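> My structure is below; once you've seen it, I'll send some questions.
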């Protein structure tokens, strides 16, 4: 498993890095490289999300992990198809993001709340899950140009930052060192995720395979 994980990860990272370099330098072949990178990443995501070194096997954890991995792979393929303006992109994005928001996150929350005695932490985790759900659905609605995207994205800010993170930061029962370490990782993950999401949203209207009709119109 470890060897396969490393090999698939190496190939996926190589393809992604090559695509970025080719696109930045306007080199021919960026389109096919981008498609290969998208497929490679979709294969690597299940390996990455399901393999947890040192953890014991658990059917419940595996079920949740499989749902999350499949959702992430389908979303990634949907984005790849959307970049190329290929048919089926919308269906994959709807299925992947809906499954992630309405199946994976609730199952993860249920697992998190199982045996949780603290009412404060129950509210905190519920707000966090609600924020992630609103953000995921907001992105989906934005990509599909459906009404309500702005409301969902705004609610995600309220639930995550003025709910989950604020309660976590003011929770005196959590060790300060543990709290600082977690928040550092959480905040940098949010920042990187927002940057990547913004770049994807901007780039989705710029296909890697230019259409001949558009090229002819630009040359006139």
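The values are calculated or read from the model by the stated rules, or taken from the named source; none is laboratory data. Note that the coordinates shown come from a computational prediction; the quantities given were computed from them, not determined experimentally. Glycine also receives a Cβ, built like all others from the backbone with ideal geometry; neighbour counts cover every protein chain displayed.
> Regarding residue 143, is this residue in contact with a helix residue (DSSP H, G or I) (Cβ under 9 Å, 6 or more places away or on another chain) and in contact (Cβ under 8 Å) with a residue 60 or more places away in the chain?
Considered against the rule, which asks whether it is in contact with a helix residue (DSSP H, G or I) (Cβ under 9 Å, 6 or more places away or on another chain) and in contact (Cβ under 8 Å) with a residue 60 or more places away in the chain, residue 143 comes out as yes.
> Also: Working only within the range 111-152, note down all residues that are over 21 Å from residue 92 (Cα atoms) and within 15 Å of the chain's Cα centre (by Cα).
Result: 129, 131.
> Could you list, ordered by first residue, the pairs with Cβ atoms under 7 Å in which the first is in the range 105-120 and on the phi < 0 side of the Ramachandran plot and without any contact (Cβ under 8 Å) to a residue 12 or more places away in the chain and the second is in a helix (DSSP H, G or I) and surrounded by 14 or more Cβ atoms within 10 Å (Cβ to Cβ), at least 6 apart or interchain?
These pairs meet every condition: 116/122.
> Next question. In the range 32-49, is there at least one residue being touching a helix residue (DSSP H, G or I) at 6+ places or on another chain (Cβ under 9 Å), surrounded by 16 or more Cβ atoms within 10 Å (Cβ to Cβ), modelled with pLDDT of 80 or more and farther than 22 Å from residue 96 by Cβ?
Yes: one or more hits.
> What's the number of the condition residue 108 fails, among (1) under 17 Å from the mean Cα position of the chain (by Cα); (2) at pLDDT below 90?
(2)
> In addition: Please go through the range 115-173 and give me each residue that is part of a loop (DSSP other than H, G, I, E, B) and closer than 30 Å to residue 82 by Cα, ordered by number.
144, 145, 146, 147, 148
> Just checking, does the range 60-73 include any residue being under 17 Å from residue 197 (Cβ atoms) and either in contact with a helix residue (DSSP H, G or I) (Cβ under 9 Å, 6 or more places away or on another chain) or surrounded by 14 or more Cβ atoms within 10 Å (Cβ to Cβ) (or both)?
Looking through the range 60-73, at least one residue is under 17 Å from residue 197 (Cβ atoms) and either in contact with a helix residue (DSSP H, G or I) (Cβ under 9 Å, 6 or more places away or on another chain) or surrounded by 14 or more Cβ atoms within 10 Å (Cβ to Cβ) (or both).
> Give the range 160-200 a look and list any residue that's surrounded by 13 or more Cβ atoms within 10 Å (Cβ to Cβ) and under 18 Å from the mean Cα position of the chain (by Cα), or say none.
If the condition is that a residue be surrounded by 13 or more Cβ atoms within 10 Å (Cβ to Cβ) and under 18 Å from the mean Cα position of the chain (by Cα), then 160, 186, 190, 197, 200 are the ones that fit.
> Consider residue 130 against the criteria (1) modelled with pLDDT of 90 or more; (2) surrounded by fewer than 16 Cβ atoms within 10 Å (Cβ to Cβ); (3) under 28 Å from residue 41 (Cα atoms): it satisfies all of them except one. Which criterion is unmet?
(2)
> Can I ask one more? Show the residue pairs that are 6+ apart or on different chains and have beta-carbon atoms under 6 Å apart, the first residue being within the range 184-204 and touching a residue at least 24 places away in the same chain (Cβ under 8 Å) and at negative phi, the second being surrounded by 12 or more Cβ atoms within 10 Å (Cβ to Cβ) and part of a helix (DSSP H, G or I).
So the pair list comes out as 204/82.
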